[in-house]
Structures are given as C-alpha cells and as structure tokens.
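Take a look at the structure set out below.
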Amino acid sequence: MKKILAGVALIGSAVSAQAADLAVKAPYLKAPVAAVYDWTGFYIGANVGAGLGRGLQTHTFPTGGVVNTTYLSPQGVIGGGQIGYNWQSNTTFLGPLLIGVEADIQGSGMSDGHTTLNTLNGVLGTVNYNQKLDWFTTVRGRIGLVRGPVVGYFTGGFAAANVKTTVTEVGLVPFALSETRTGWTIGSGVEAAIGGNWTGKIEYLYLDLGNRNDVFGTQTLRTEYRESIFRVGLNYRIGGTGMYITPPPANWAGLYLGGNFGGAIGRNRSTASIGGFTEQFNLSPDGYVGGGQIGYNWQAANWVFGAEADFQGSTQKDDRTAVFGSAALYNQKLPWFGTARARLGYSVGSTLFYATGGYAYGNVKTNIVTTVSNETFNRTRSGYAVGAGIETPFQLFGLLGPNWTTKSEYLYVDLGSTTDGFAGTGVTTSKVTEHMLRTGINYHFNQPVVAKY
C-alpha cells in the first residue's frame, strides 16, 4: 500500500540496529561492562513534530450532476507525550530483540481551509471546505532489533482522533461535522541512548481513520481521513540503565558515498482560473523516492560538520484531482529532484544526531485535461530543503564491514511556485512543497572501526 510507504521506508533503520559502536581509530575491542545497555523497563517522554493529512474528498451535486474531487490536506505542528514498556530478549536467532507497548496523546494544530470551489460551475456561487485535526491518540505495539544503545523498530496498532469538517456554501446553512474517528496506525522509527536514562528517537506514523459518507440537502460528500505524522521524541527510562557510560564519539570525519530509499507526500497549494471563475485546491502527489548521495564530514570532538549532495528519482503523482465540476482533470508528478545541503550533528557514542538544510531543485510535470485541451507542462524548479536525521553503524547481520553506516532522515522540500496557461484562457499555479522520509546506507572511506558487544 503506497500510503504507508514512508513508514516502510525505515526498514533499513530497523536492520541497522544490528550494528555495533564505532570507536575512534582503535582496533576491534570488547565494549566495557559499563557500556552494556538493556532496554527493558518503563519509560515516559515527550515529542514534537509535523502532521500532514491527505484526505480525498468527493462532493456531488445531484441536481446538476456536478462532481468535484480534491484533497483536503490539513497541516500543522503536533506535540504531546508518550508512555511505554519494553521487554528485551537476548536469545532469538536474530540477536537481541525488543518487544514493547506504547501509548501517546497529541495536541494538533493541523488545519486546511484553502480549498474553495465553484458549485454548478459558479451558477450557485462558491463552496469552501475547512478541516481540522484537534487531537489524536494511539496505542501500539513495537518490535525491533537491538544492538547496544540503538534500536530500530516497527510499530502499529489502534488510532483515534477528533476531526472537524465544515462545508460553507453561498446562500446555504453551513454543513458542520465534529466527530471522534477511530482506525489504525503503522510506522517505524529509530531510538538511541543519549546518556544516563535518556534516549532520543525519530519516528514516522501513518494513520488511517476510515471513510465517511454524508448527505445534506441534495448533495453528498465522501471523505477519506489519512494522516502522516513526522516527529522526534525524548524518553526518560524509569529505573533504566542510569549507570550507562556513553562510549567516546565515533570518528565521522572523511568522505562517504551511499544510496537511499523512502517515501514522499506533497501538499501543493494550487489555483486555477478560467472563464471568469477561480478555484483553489490542493494537489497531493505521493509515491516512492530513491537515489544516491555523496558527502564529506569534518569533526571537532563530538561536533560533526558536513556537506552532502543527493539526486533522487521519484514516483510521486496525483491523478485524482478534478475541479470545475470535473471539467478540468489534473495529473501532477515529481519525476526527480536533488539537494545540496550542509549538515550539523552531535555524536553520542556511535550515534550521530544531525540537522540539515540547503539548496533543492526538481522537475514538476503537470498534465491538465479539459473538454477542449490536453496539455502537459514540464518545469524545473529550485528552492530549499531542511530536515533532521539519525545515523548509526550498519553491518547487516555481520555481512558488511566496519566502514558502513545507515541513516534515517526527514526532509521538507519547498520548490516554490510554477504557473502555466491552459485551455486557451486558463491559468493555473501550484506551490510545490514535499515531506519525505527516507533511509540510507553510506560507505565511509575513513575506515571506521567498530567495538563489539
């Protein structure tokens, strides 16, 4: 299922938890007893991040036979707290295994009031759609592979959220709905010790809150509720391994080369004007991304400074948006993009936590089919990218050597606006923004060496 691809994209991070710690310019060593890490026990923590909805909406006017299909894309900051319990088993054939349960509750600033369309091609006026996600909660299982102070995990379970949807039409009483939706969630993440009882994590969740069909007057509205959550968190392990001594920082300096794979979802604010009418809506291309990266790091004690460039192919597309009463059909794609970014990180033992940002560029391909035309526009756009990630050693069950690391990374990409003419007198504009989560593997030419647990 493509909608959960960003969660599945962290599979490399789950396997990466098999890795051992990096030591700075040292031969293979047995890690000291004080560095042994056990994840078993209760924990409590907090998190903050961003949420993005991708809810397909179909609005039908039976009296005129008009159908508009668009995406409502509530977006905003989310934050809250979590509590959980982990069990660690050291006897499985895969090595140390973490099994856990976690519950969280989140406040949400996610909202979208951008979409404004014409009813009956403007005969009855305009209709505005507003959707908000005030809060959500999940109760999930977790399972992951452990190697010392790093665990990569998959998670999934129950989800619930309060969703408010309002449809406001000229001359009619607004249709308003506020309800608690239930469904399921799936995702993955990486968590690493940062000293004492404290751990930090980066996590993606996909929420499916089901579909709803409403009838008001002579109109019907079908709405899908789908949410993507990107967040970072901090946990305190109650009664955990407070005596854990963080190993010396790994040696990250030098050249590296690698590849990556993940998923991305767009929230492209768009407008279209034709025949004296203007409509506002969201194009929301989603799909897989994959490519390669090259970079170089400099290091001062625990601080790591770097530069990285990458180039990605992409399957992202939105071919379901239909506006002007289905008189204009959209198919928007992002076939490829690239970035050139700086990285600033802090190494906690063998784990590198980093922020990144810089230049981005990409190809935006938009096809618009109307009753009088079929036109495709190719535009190469430029803008910026910002994000954050975690990088750790990676040995793939011992098959790879000590030069390998893996990373899990979130990027927000803004490629600015693109404007095109269509159907003779029509004009359409899209502001292209993308959220992506990807996992990557890097080969370091500085020959880092790992210590064994």
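Annotations
- Test for Phe305: is it touching a strand residue (DSSP E or B) at 6+ places or on another chain (Cβ under 6 Å), over 30 Å from Phe422 (Cβ atoms), surrounded by fewer than 23 Cβ atoms within 10 Å (Cβ to Cβ) and in contact (Cβ under 8 Å) with a residue 24 or more places away in the chain: yes
- For the range 353-373, the criterion of being surrounded by 16 or more Cβ atoms within 10 Å (Cβ to Cβ), farther than 25 Å from Ser284 by Cα and of a type outside the set (Gly, Ala, Ser) is satisfied by at least one residue.
- Flag if Ala264 is within 22 Å of Asn374 (Cβ to Cβ), in contact (Cβ under 8 Å) with a residue 60 or more places away in the chain and either β-branched (Val, Ile, Thr) or part of a strand (DSSP E or B) (or both): no
- Tabulated pairs, the range 141-162, first touching a residue at least 60 places away in the same chain (Cβ under 8 Å) and assigned to a strand (DSSP E or B), second of a type in the set (Phe, Trp, Tyr) and open to solvent by less than 20 Å² (accessible area, probe 1.4 Å), C-beta under 7 angstrom, 6+ apart or interchain: Gly144/Tyr153; Val146/Trp39; Val151/Trp39; Ala161/Phe136
- Against the test of being of a type in the set (Phe, Trp, Tyr) and closer than 12 Å to Glu391 by Cβ, the options Tyr359, Tyr346 yield a single qualifying residue, Tyr346.
- Hits in the range 255-297 (condition: of a type in the set (Gly, Ala, Ser) and buried (at least 17 other Cβ atoms within 10 Å of the Cβ)): Gly258, Gly262, Gly263, Ala264, Gly266, Ser270, Ala272, Ser284, Gly287, Gly291, Gly295
- Going through (1) surrounded by 21 or more Cβ atoms within 10 Å (Cβ to Cβ); (2) assigned to a strand (DSSP E or B); (3) in contact with an Asp or Glu (Cβ under 9 Å, 6 or more places away or on another chain) one by one, Ala250 falls short only on (2).
- Considering residues of the range 324-344 that are open to solvent by less than 10 Å² (accessible area, probe 1.4 Å) and among the hydrophobic types (A, V, I, L, M, F, W, C) only, the residue nearest to Leu255 (Cα to Cα): Phe337
- Residues that are farther than 17 Å from Ala160 by Cα, in a strand (DSSP E or B) and of a type in the set (Val, Ile, Thr) were ranked within the range 79-121; the one that is farthest from the chain's Cα centre (by Cα) is Thr119.
- Search result, residues across the range 107-155 that are open to solvent by 30 Å² or more (accessible area, probe 1.4 Å) and under 15 Å from Leu209 (Cα atoms): Lys132, Asp134, Trp135, Thr137, Val139
- Condition met for Thr321 (open to solvent by less than 10 Å² (accessible area, probe 1.4 Å), touching a residue at least 40 places away in the same chain (Cβ under 8 Å) and of a type in the set (Ser, Thr, Tyr)): yes
- Verdict on Thr425 being modelled with pLDDT of 90 or more, open to solvent by 50 Å² or more (accessible area, probe 1.4 Å), more than 24 Å from Gly76 (Cβ to Cβ) and touching a Gly at 6+ places or on another chain (Cβ under 8 Å): yes
The values are calculated or read from the model by the stated rules, or taken from the named source; none is laboratory data. Values in this document were obtained by computation on a predicted structure and should not be read as measured data. Cβ coordinates were reconstructed from backbone atoms using ideal geometry, including for glycine residues, and neighbour counts include every protein chain displayed. For the accessible areas, the whole protein counts, side chains as well, though only heavy atoms, and no ligand, DNA or RNA atoms are used. Shrake-Rupley method; radii C 1.70, N 1.55, O 1.52, S 1.80 Å.
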